[in-house]
Structure formats: structure tokens, C-alpha cells
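Participant: Can you keep this structure in mind? I'll have questions shortly.
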Amino acid sequence: MSRKVDCTILVEGQKVEDTISHIGLVQRMDGHHTFEFRLTLKDAQSATFTDAARKFLGKKVTLKVNFAPEKPDANDLSFEGVAMEAGFGRSQGGTPELTVCGKSPTALLDDMRITRSFTDRSLDQIVQQLCTPLQAKAHGLKVKADYTAKLPYVVQYDESDLRFIARLAARFGEWFYYDGTALYFGKPDGGGSDESLTFGSNLFSFDIGLSVRRGNMELQHYAYAKNEILKATDGDAGTVAVDSTTYGTPAGQASKGMFKNGSVEYLGNAADRSEVKQRLRAQRVAVATDTVVLRGVSDNTRLGVGKYVKVSGPPDRDQGGTIDYGRFLIVGISHSSGHGNYQNQFEAIPADSDMVPSFAGSGTVLGEAQVAVVKEVDDPDKMGRVKVQFLWQRGTPELSPWIRVTSAHASGSSGQYHIPEVDEEVLVDFEFGDPEMPVVTGSLYHGKAKPDSAWATPKNEVKAYRTKSGNEIIISDKAGKESIQVRNKDGKNEVTLTLGAEPTIVLKTDGKLTLDASTIEIKCKTLDVKTTSGGIKSDTELKLEGSAMVTVKGGFIKLN
């Protein structure tokens, strides 16, 4: 069965006067809404088609379906979208028709992938900024996240604005959907009165399905700054509303009986334990979302995603009274109207659900190793961290948070301390592949920062270390001329160990050389000390001894 209705199409607020032969609209909380309508054209000329196509393409389209056209109801079906395709065709009877297809304005946020970061911003602030294209097109936007804490560092990584917003919604357990006229981020207040669906009247058929879900969950995050594991278990998720409903209770009990072991998942980035708990609850309620699903066929023109319905019906054909089947929230619906006859097929979940289905494609993203430039090195917590700027952050004030630098040895009582300098190019990878958990893995030369030409030998015979002030250690492996050299930038201080056929050690300074020890012992076959002036002084006993002859020679010798 279907209901006679009145259909209206508006383009940028102007009513379309052509005859409407068909309207189709598919709405889902977890995806773009899509629509299609066909109009009868006055003739089959190509110019007529192109003029008509030009009228719709890229324009804001409003679809209205009213049960009583003489008394329009604001609660009847109304949808706003964007026309994206137009086609021309002729049916077997020869009638020329224009077919227009489009999507919900969520498609405006799903046009291209981008990478960027947000520092110390709330969910509301991020979503408001990203949804500017919707507001510019006069589409509705309602943002009120339940999670209000500011996020220290969040990355939109190679994904469209829409996919990023959807990922944030799934991550923090926020509602995110388009209801036909407005985009919501955060659970809406109220939602208007419930629509009544009565089996045998405006509800032609329905079925309610139950399913089990996976069992206990545990999330863990390693907070390196305090060297501790932040953990949230199933008990931290709190009460899941669906489990207390008429249909959810048996499904939940069956799930607990089937899945005993549970699961442990390790998070990449998390600000603190409260976020770990929030994300555990988000996962817990998301899994419970499709535990109970109602599907039905109706001719009620007031139904749409985000609308609440009460379902009832008579016990059977021979009995009086009414059975209350419960209250549900519509999460998906398909509308169809041909020549004024309307019908819909819908899908709904219990009205008390804590979460709605997540937008398709809102899963995790994986970061790949990439270059960055060091911008800050004065780590306030003295952990040897740096701040870097990625290529995709250039031209903005955005930087990474303080991030760790890999080292050959790192310990509380020992280790190696070596961090890159400001403006040095480094290679950055990501813990768990999480773009919000960067770590410096090494430094890179480039065209304007090359190694010293003396180091780059054909046989790779030189290993070198030089600080920014010019102090350096040079190790040479040249055959027969092996050496280790420590010197400052102007060569006024130098220690050279020659390790070739005739090993030597040279200590050189233009200043003062001091040997200070409780005992100094020099053993050699030959000792030759030369100086232009000098002396040997002992505050107590001084002994000069030779096993053979001792020769003391001078222009004038004074013994006292």
C-alpha cells in the first residue's frame, strides 16, 4: 500500500513547476543521504535538457512531501541537499525526462583529504571551524558535544573534514548525523513529539531483531611522562542503556554468557585517564548500538532519521486491545514517491540508546614516517624532547607537542644525551601508527645542509661528530693512517691518536695544559722534555736518580 501525497521541489528557494514523476530519498545516520527525482520536460530538444541541468547542478535543492497539501505540516518530510548529477532520457512512451541526483550537504565536507593539526581546542571549536562550508551555504548546523575538555593535540590525517569529524565522534562517543535539514554533532535536546506507528494502519509490516555482541573490554594507554599505564575496564563504562530495555536485556545476557575472555586494546594518544575511560565507554555503547534493530514499512510522511517513533498494534485479528512494542529512534530510512504515491522503509534502534551508528569510514588512520623541522628544544620537563613542524604545518603557527627523540641508550641513571638542533631536518615516525604520537627517529641531510666534504670520502673512511660551536671528533679509517682526533673549531686545542704503523698521541693547545693527579707515573724508553723556560718544584722531597750516569748540563749551574 502507499499514500497519496503532494510533492514539492525547490531550487535555491524557488519552486520547480515541472511535473514530478518520481522522488527517491535514502537517509542514513552513518552515511551521506542520497536523492533522485525525475521531471517531465516540455520537449526533447538537447537545449531544453542543458538549460534544465544548468538550473539544478551545484544548487541547493529542497524536497517536501506533504500528506495534506491543503494544510501543510511542518513535521512532514522536508529535506535539503545539493544537486550533483543530471541526466536526460526518454521512456518507451517517448516522454522526455530530466533525472537529477544529489547528496546531503555532508558531501561538501567530504570533497578532499587534508592533513592538519589542532592544539588546545575543544571538540565544539574544531567542528565549528570545519563546518564553515555548510554555514556558507545556509545549511543548518548544531554543535554541542558532551565531551567538553580541550584536546592538547589532535591531527586530521589524510582524510576529509567529514571523515575526521566522524572519527572524533566515534572516538569520544558523540552523536554525529544529518537529519535532513541540519547537521548535528552531539546528542540533540528533545527532538519533538514521538510519531505513532500502528500495525495495520500506517505501519504495514515490521520485525525486531536481537543479536549478541562481543564481551568485556579493556583499554590501556602508556603515559610515558609518568611511566605508567592508564587503564579502563568494562566497569568504568558505566551503565549501557540498551541493556536495560525490554529487548536489550536478553541480548546482553546472552552476550555475557558467550564471550568470557573479553579483549584488551592499546591506545596511542590519550590526554589522561578520563579520556581513556571516555573512549572505553564510546566503544562499549557503539558495540551495543545494533544489538536491537527494528525494521518496518510505513506510509507516515513524518518519519526521518533522528525521529522517535512508538510502535504498537493489536494482539491478533480476533482480539481487542493494543500491544506496546516500544519506543525507537530511526537511524535509516528510504522514501519513495511515484506519481504522488508515497511509502518508506525504515530501520530503528531503541530510543534509549546512548550512541547512534558511526559514519562509515570513521575508523583509525595510520601515520607513515615523514620529515619535519625542529623548532624548539628547551623541554620544560627535561626529558630530551623537541617540538617539530611537519611539512603540512608550514605557513601556520601549529607545531607538534613535545615529542621524544630515539637514543641508543636511555636510562634514569645512565644513557646517551643527544638531541637535534633547532632548524635541523629530522625523520619522524609514529607510535602505534598514531599521527598524534610522533617520535624523532633520526636527522637528515639535505641540499642546503650537507656533510663536510672532507668527511664524504669515496671509501667511507671517516666517521665524524661536530657540535654547533665547531667542536668535533674525527675518526679516520684510512689504511695506514688510522687516527682519532678531538679538536675545537680553530685548531687551538687538539688531541690526536694516530693508530697506524707508527702510533702516536699528540696533545696540543695554545693555552695551558694541566695534569693534576695524586700520582703521575711516566714510563718510556726515551723521555725528552723541551721548553724555552721552566722549572721543576717539589714542596717536599725531589729525587733525580739514574742507574748509570746522571748528566746535568747548563751555562750556569747553581746547587743549593
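Participant: Suppose R0 equals 25 Å. What FRET efficiency, 1/(1 + (r/R0)^6) with r the Cβ-Cβ distance, do GLU218 and MET258 give to the nearest 0.05? Numbers along the way, then the final one.
Facilitator: Numbers: r = 18 Å, r/R0 = 0.72.
My answer for the efficiency is 0.90.
Participant: If you don't mind, another one. If packing is taken as the average count of other Cβ atoms within 10 Å, what order do 225-234, 289-298 fall into, highest mean first? Display every interim value, and only then the final one.
Facilitator: Working: 225-234: 14.0, 289-298: 21.0.
Most protected by this proxy first, the peptides run 289-298, 225-234.
Participant: Further, regarding this structure: If you wrap segment 108-185's Cα atoms in a convex hull and average its projection over all directions, what's the area in nm²?
Facilitator: Details: hull surface 18.8 nm².
With the hull built on Cα positions only, its mean projection is 4.7 nm².
Participant: How many percent of Cα pairs in segment 358-408 exceed 17 Å?
Facilitator: Numbers: 640 of 1275 pairs.
Everything past 17 Å amounts to 50 percent.
Participant: Please give me, ordered by residue number, the chymotrypsin sites (Phe, Trp or Tyr not before Pro) of segment 395-472 that lie in loop per DSSP and have at most 11 other Cβ atoms within 10 Å. Mind dumping the intermediate values first?
Facilitator: Working: sites: TRP402, TYR417, PHE430, PHE432, TYR445, TRP455, TYR465; in loops: TRP402, TYR417, TYR445, TRP455.
Here the chymotrypsin sites (Phe, Trp or Tyr not before Pro) that fit, given the DSSP loop and packing criteria, are TYR417, TYR445.
Participant: Quick one: order ASP510, ASP477, ASP110 by neighbouring beta-carbon count within 10 Å, fewest to most.
Facilitator: Details: ASP510 9, ASP477 14, ASP110 19.
Least crowded to most crowded, the residues run ASP510, ASP477, ASP110.
Participant: Apply the Karplus curve 6.51 cos²θ - 1.76 cosθ + 1.60, θ = phi - 60°, to the phi angles in segment 433-446 and return the couplings in whole Hz, x for Gly and Pro.
Facilitator: Whole-Hz 3J(HN,Hα) from phi for segment 433-446: x, 7, x, 9, 10, x, 8, 7, 9, x, 10, 10, 7, 8.
Participant: On to the next question. Work from the charge dipole of the chain (Cβ charges, +1 for Lys and Arg, -1 for Asp and Glu, about the Cα centre) and give the residue of ALA282, LEU515, GLN393 farthest towards its positive end.
Facilitator: My answer, from the dipole projection, is LEU515.
Participant: Once you place label points 7 Å from the Cα toward the Cβ at ASP452 and ASN493, how far apart are they in nm?
Facilitator: In this crude label model, ASP452 to ASN493 measures out at 1.6 nm.
Participant: Next question, about the same structure. Quick check: Cα centre of segment 461-514 to Cα centre of segment 376-410, how many Å?
Facilitator: Rounded to whole Å, the Cα centres lie 33 Å apart.
Participant: Here's another thing I want to ask about it. Once fully extended, how much extra length lies between SER196 and SER312, figured as 0.36 nm per residue of separation less the alpha-carbon to alpha-carbon distance?
Facilitator: On the way: separation 116, 0.36 × 116 = 41.76 nm, distance 0.78 nm.
So the chain would gain 41.0 nm between SER196 and SER312.
Participant: DSSP loop trypsin sites (Lys or Arg not before Pro) in segment 450-491 with at most 10 other Cβ atoms within 10 Å of their Cβ, which ones? Mind dumping the intermediate values first?
Facilitator: Values: sites: LYS459, LYS463, ARG466, LYS468, LYS478, LYS481, ARG487, LYS489; in loops: LYS459, LYS468, LYS478, LYS481, LYS489.
For trypsin sites (Lys or Arg not before Pro) across segment 450-491 that sit outside H, G, I, E and B with at most 10 neighbouring Cβ atoms in 10 Å, the list reads LYS459, LYS468.
Participant: Once fully extended, how much extra length lies between GLU376 and THR48, figured as 0.36 nm per residue of separation less the alpha-carbon to alpha-carbon distance? List each step's numbers first, then the result.
Facilitator: Values: separation 328, 0.36 × 328 = 118.08 nm, distance 6.31 nm.
Contour length minus Cα-Cα distance gives 111.8 nm.
Participant: Please work out the FRET efficiency for the pair ARG295 and THR441, using the Cβ-Cβ distance as r and a Förster radius of 60 Å; give the result to the nearest 0.05. Could you put the intermediate results ahead of the total?
Facilitator: Details: r = 51 Å, r/R0 = 0.85.
Efficiency computed from Cβ-Cβ geometry: 0.70.
Participant: Now for a separate question. List the extent of the Cα atoms of the chain along each of their three principal axes, largest first, rounded to whole Å.
Facilitator: 138, 64, 36
Participant: Could you check the simple spin-label distance between LYS508 and LYS468, using points 7 Å along Cα→Cβ, in nm with one decimal?
Facilitator: Placing both labels 7 Å along Cα→Cβ, they lie 2.9 nm apart.
Participant: Determine the gain in length on full extension of the stretch SER413-GLU36; use 0.36 nm per residue of separation and subtract their C-alpha separation, reporting nm with one decimal. All intermediate terms of the calculation are to be shown ahead of the outcome.
Facilitator: On the way: separation 377, 0.36 × 377 = 135.72 nm, distance 6.92 nm.
Extending this stretch completely gives an extra 128.8 nm.
Participant: Also, I was wondering about something else. For the chain, with the dipole built from +1 on Lys and Arg beta-carbon atoms and -1 on Asp and Glu ones, taken about the Cα centre, which of THR467, GLN125, GLY268 lies farthest toward the positive end?
Facilitator: Of THR467, GLN125, GLY268, it is THR467.
Only the coordinates and a few stated rules stand behind these numbers; no lab work does. Please read all numbers here as calculations on a predicted model, not as lab measurements. Virtual Cβ from ideal backbone geometry, glycine too; neighbours counted across all protein chains shown.
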